[in-house]
Amino acid sequence: MPQQFWKPGADKPRILEDEEGGVVFFAPSLSSASSSSSRFGYASIGSQRQRLPVYKYRTAILYLVETHATTIIVGETGSGKTTQIPQYLKEAGWADGGRVIACTQPRRLAVQSVASRVAEEMDVKLGEEVGYTIRFEDVTNPAATMIKFLTDGVLLREIMDDPLLTKYSVIMVDEAHERSISTDILLGLLKKIQRRRPELRLIISSATIEAKSMSDFFQTSKKHRGPEDHEFVPRKVPAVLSVEGRGFNVQIHYVVEPVSDYVRATVSTVLSIHDQEPAGDILVFLTGQDDIDAAIQLLAEEAHASRKISSGLIVLPLYSSLPRAEQDLVFSPTPRGKRKVVISTNIAETSLTLEGVVYVVDSGFSKQQFYNPISDIENLVVAPISKASARQRAGRAGRVRPGKCYRLYTEEYFVNEMSSVGIPEMQRSKLVSCVIQLKALGIDNILGFDWPASPPPEAMIRALEVLYSLGVLDDDAKLTSPVGFQAAEIPLDPMISKMILSSNQLGCSEEIITIAAILSIQSIWVSGKGVQKELDEAKLRFAAAEGDHVTFLNVYKGFLQSGKSSQWCHKNYMNYQAMVCICSLLLSVNFRCG
DNA sequence: GATGGGCTT
């Protein structure tokens, strides 16, 4: 039975969700005038740049940055803020005198693609005036780079060498609304740095909502407040500027009654879209591989049962552990007369963008990590998403033309029950790595640190206990010498760093570093629906009686003997990308540990 | 017999 959605404008009274800044769905007329037709013309890069929504705020942004210590920019995707603002700053002279403009991103891929886009717009070679740094890859030229894109994790590491980040004149923290651990630590540290360096300017860029709490965070100072309107001191009160995006209008449909099984509901919704709606690809958000496989299975069964309805559907799964070749399928253009259905995890919410999506089906759930500091156990649980996520998901339907989003929950639920933003990662994770990093930066009063979102004190205490038991912290909760400092230097989980340091005395460093590298990446095995049996057999070929760790060693040996061959990985159900990653990790750890 | 959302240094 197909799901029942009510259509906007029909009998049921429409509760507008704009109260909380539902701007995501409705961009002013500007978008229809400027994007669809002219965007595909042969405009020069210069005029393309001028057509971005952010362009008309150029003067305002430069003025605010000049006069305020912190500027918060609320902008939807497609406003052009990430690529344009660093260029405006450079044009206004913020990179003069050897200073550098930094722009951080939570993800490596975003850093690379934004950097190359900006280099192209400025018509310079990537790695010169415009460069980027991500782990294992530094494409900058210290003598020439004026605009530098980097992951927030890399900037955090840079603070270890240069605690005041002296070479930067402006630091733009992008995607701050995602509230990843590194972004939050970075924000806390930048606030501190700012007190010592009044000439440093910060730009915090966030997709929606949290502008107010972010502004409060940068406004309130625990200690001495500087003079506010002094001529040469920038204003401490953050400026907040909102920039509209370029998304198309997305019509939201809610279910009338709550659904009991969101996988089934997904399938019937997809089928009725396919049956009733004009051409356009469908993007479905489910929680994980299990759900996704079940939905695909069910779709196949329905297709078999009613050939008429489901002919012309191309159904593709999408999740991060899917082999690269299969992931790439979702980017292939949809053949004429066909309709692509991508059934995805959260990966399509932030990390990748699919062109051609016109319909989004949102289950309302995602898997989220939670940490219980009492039991010291991390859990992955299916939990309801936030309004912010729901808006982000819906926005994925409006990239090429007006679209529709089908939410598998009631409007009443969305309005009254759904929390407006998710819980910051900081408040639902282990903090061992985070604490050792702050200690390495000389921040002794960890419990008194000024966070954008305070983590639970129990989690902090547990992290301190773990570090103490590893011998990384002493009785005064200071880093021990040399073990504590060495462990902080190694960019891995402190438990693993300690294992590496101890292996030195036991004469098994080489083996332990290999194991450490493998434990530090997501998985060396490929994943997928039909390969479970083959995967188990492959694992058996390397299995060691001593356990998984020695099995890992065998796998790595095999990989080396194959001459680091990708075919060998494929044959043995191993993730080639992961193995390459391990090699880089080995290099960097070996480098640090002599 | 039960099991990996997504990132990152």
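Local charge for A:T334 was computed over the other residues whose Cβ lies under 12 Å away, with Lys and Arg +1 and Asp and Glu -1, and equals +2.
Expressed as a fraction of 2.2 N^0.38 Å, the C-alpha radius of gyration for segment A:260-342 is 1.06.
Among rounded, prolate and oblate, which fits segment A:51-178 when a ≥ b ≥ c are the square roots of the eigenvalues of its C-alpha gyration tensor, a/c under 1.5 means rounded, and a/b larger than b/c means prolate? Here segment A:51-178 falls in the rounded category. Taking a ≥ b ≥ c as the square roots of the eigenvalues of the Cα gyration tensor, segment A:385-430 is classed as oblate, since a/c reaches at least 1.5 and a/b does not exceed b/c.
Measuring spread by the Cα atoms of segment A:506-594 yields a radius of gyration and Dmax of 13.1, 43 Å. Let me check I've understood the local charge: for A:L286, count other residues with C-beta under 10 angstrom from its C-beta, Lys and Arg +1, Asp and Glu -1. What total comes out? Combined, the nearby Lys, Arg, Asp and Glu give -3.
Stretching the chain fully between A:N379 and A:W451 yields a gain of 23.6 nm (0.36 nm per residue, less the alpha carbon separation).
Using C-alpha pairs below 8 Å separated by at least 6 residues, the relative contact order for chain A is 13 percent. Projecting the Cα atoms of A:Q437, A:L408, A:P452 onto the dipole axis of segment A:406-471, where Lys and Arg carry +1 and Asp and Glu carry -1 at the beta carbon, places A:Q437 farthest toward the positive end.
Subtracting the Cα-Cα distance of A:D216 and A:L329 from their residue separation scaled by 0.36 nm leaves 36.3 nm. The Cα atoms of chain A define a convex hull whose projected area, averaged across directions, is 30.0 nm².
Sorting A:357-363, A:476-482 by their mean Cβ neighbour count within 10 Å, with the most densely packed peptide first, gives A:357-363, A:476-482. Report the net charge of residues surrounding A:I314, where surrounding means a beta-carbon distance below 10 angstrom and charges are Lys +1, Arg +1, Asp -1, Glu -1. So the surrounding residues net to +2.
Rounded to the nearest 0.05, what FRET efficiency do A:R264 and A:D96 have when you use their Cβ-Cβ distance and R0 = 56 Å? Rounded to the nearest 0.05, the efficiency is 0.40.
Of the GluC sites (Glu not before Pro) found in segment A:371-421, none is in coil by DSSP with at most 12 other Cβ atoms within 10 Å of its Cβ. Model label sites at A:I423 and A:S523, defined 7 Å from Cα along the beta-carbon direction, differ in position by 2.5 nm. Report the Cα centroid-to-centroid distance between segment A:336-379 and segment A:493-551 in angstrom, as an integer. Here the two parts' Cα centres lie 28 Å apart.
Taking a ≥ b ≥ c as the square roots of the Cα gyration tensor eigenvalues, segment A:470-529 comes out oblate, since a/c reaches at least 1.5 and a/b does not exceed b/c.
Cross-link pairs exceeding 28 Å in C-alpha to C-alpha distance, out of A:K439/A:K564; A:K167/A:K498; A:K90/A:K236; A:K340/A:K430; A:K90/A:K125, comprise A:K439/A:K564; A:K167/A:K498; A:K340/A:K430. For segment A:260-404, DSSP calls about 35 percent of its internal beta bridges antiparallel.
Every number here is computed from the coordinates shown, using simple stated rules; none is lab data. Just so you know, these numbers come straight off a predicted model, no measurement behind them. Methodologically, a virtual Cβ is constructed for each residue, glycine included, from the backbone with ideal geometry; neighbour enumeration extends over all protein chains shown.
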